[in-house]
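Okay, so here's the structure we're looking at.
The values are calculated or read from the model by the stated rules, or taken from the named source; none is laboratory data. All values reported here derive from a predicted model rather than from experimental measurement. The accessibility values were calculated without ligands, DNA or RNA, using every heavy atom of the protein model including side chains. Shrake-Rupley method; radii C 1.70, N 1.55, O 1.52, S 1.80 Å.
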Amino acid sequence: MKEGKLQLAVFISGNGSNLQALIDACAAPDFPARIALVLSNRPGVFGVKRAKRAGIETALVDHKTFPTRAAFEQAIAKALEGRGIDLICLAGFMRILTADFLSQWAEQVINTHPSLLPRHGGPGMFGEHVHRAVLDSGDTQSGATIHYVIPEVDQGPVILQKTVPVLPGDTVETLAERVIAQEHKAYPEAVRMIAEKQRETS
Ligand code: GAR
């Protein structure tokens, strides 16, 4: 906890609107966290532009350039080294992290998922697939979940959830829009909760 603030690494693969929500939250002087690094596994994504615009250091670790998942994760570990990272925030990061990697960062990796887990989670459940599954299921509610990451995909302990209604006539797009607005509120709230808990115990 450098300067009393939780040091974050935010992992992205795309647009980075959740990253933006964290950047905006961290801009408030009393917010108990700062983003030390934004790591993308995909070149040229808009999220990296958001980070650069905010003056945040970025790292590209392109999974396509590594022969194995272990080599990819070693490169991630190297990018994180020496930065005093306290918490890794997955924000639309579309790679599954192995048990090996997660064991080095036990209880220090969190994720945002666009449904009310445990509903509509698991391998292959990301982005529009999740909203399609919600609409097909007939659920009358969906929402955002911020949770700890464990090797079992989307099964880690929930930190907080925000609920939205599923409305008659909803499409994947209209539902996605309603859910992501809640993710943008939930993610900074979850980071604040974790930072405050760590302050109390340190
Ligand atoms: C978010 O809705 C996030 O929950 C989802 O990808 C989107 C990323 O948007 N992640 C998953 O579905 C992971 N299972 P963003 O790049 O604009 O933050």
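At 10 °C and 1.306 mPa s, what whole-number value in µm²/s does Stokes-Einstein give for the translational diffusion of segment 110-165, with Rh from the Kirkwood sum over Cα pairs? Present the calculation step by step, with values, prior to reporting the outcome.
Numbers: Rh = 11.1 Å.
Taking Rh from Cα pairs, D becomes 143 µm²/s.
Starting at the first residue of segment 78-85, write each ³J(HN,Hα) from the Karplus equation 6.51 cos²θ - 1.76 cosθ + 1.60 with θ = phi - 60°, in whole Hz, x for Gly and Pro.
In residue order, the calculated couplings are 5, 5, 7, 3, x, 9, x, 5 Hz.
Given N residues in segment 70-131, what is its alpha carbon radius of gyration divided by 2.2 N^0.38 Å?
On the way: Rg = 13.2 Å, N = 62, 2.2 N^0.38 = 10.6 Å.
Relative to the 2.2 N^0.38 Å estimate, segment 70-131 comes out at 1.25.
Suppose only helical runs count, i.e. DSSP H with n ≥ 4. What mean residue ellipticity at 222 nm does that imply for the chain under -39500 (n - 2.57) per run, divided by all residues and rounded to the nearest 500 deg cm²/dmol? Numbers along the way, then the final one.
Working: 6 runs with 77 residues, N = 202.
Result for the chain, helices only: -12000 deg cm²/dmol.
Any chance you could list P(r) for segment 11-96, counting all Cα-Cα pairs in 5 angstrom bins from zero, rounded to whole %?
3, 14, 26, 26, 18, 8, 3, 1, 0
Relative to the longest principal axis of the C-alpha atoms of the chain, give the angle of the C-alpha long axis of helix 127-137, reported between 0 and 90° and rounded to the nearest 10°.
Tilt of helix 127-137: around 30 degrees.
Calculate, in nm to one decimal, what ASP136 and ALA28 gain on full extension: separation in residues at 0.36 nm each, minus their alpha carbon distance. List each step's numbers first, then the result.
On the way: separation 108, 0.36 × 108 = 38.88 nm, distance 4.01 nm.
Extra length available between ASP136 and ALA28 comes to 34.9 nm.
Eight or more residues apart or on different chains, and alpha-carbon atoms under 25 Å: count the Lys pairs in the chain matching that.
Total qualifying Lys-Lys pairs in the chain comes to 19.
Over segment 56-202, what relative contact order in percent results from Cα pairs under 8 Å that are six or more residues apart? If you can, show how the numbers build up before the last one.
Values: 186 pairs, mean separation 27.9, N = 147.
Across segment 56-202, relative contact order equals 19 percent.
Given a 1.4 Å probe and heavy atoms of the protein chains only, how would you sort GLU183, GLU107, largest accessible area at the top?
Values: GLU183 10, GLU107 155 Å².
Largest accessible area first, the residues go GLU107, GLU183.
What is the ratio of the Cα radius of gyration of the chain to 2.2 N^0.38 Å, with N the residue count, to two decimals?
Working: Rg = 16.4 Å, N = 202, 2.2 N^0.38 = 16.5 Å.
Its radius of gyration relative to the 2.2 N^0.38 Å reference: 0.99.
Taking only the alpha-carbon positions of segment 87-186 and ignoring solvent, what does the Debye formula give for the base-10 log of I(q)/I(0) at q = 0.14, 0.24 Å⁻¹?
-0.48, -1.26
Expressed as an acute angle from 0 to 90° and rounded to the nearest 10, what is the orientation of the C-alpha long axis of helix 172-201 relative to the principal long axis of the chain?
The answer is roughly 40 degrees.
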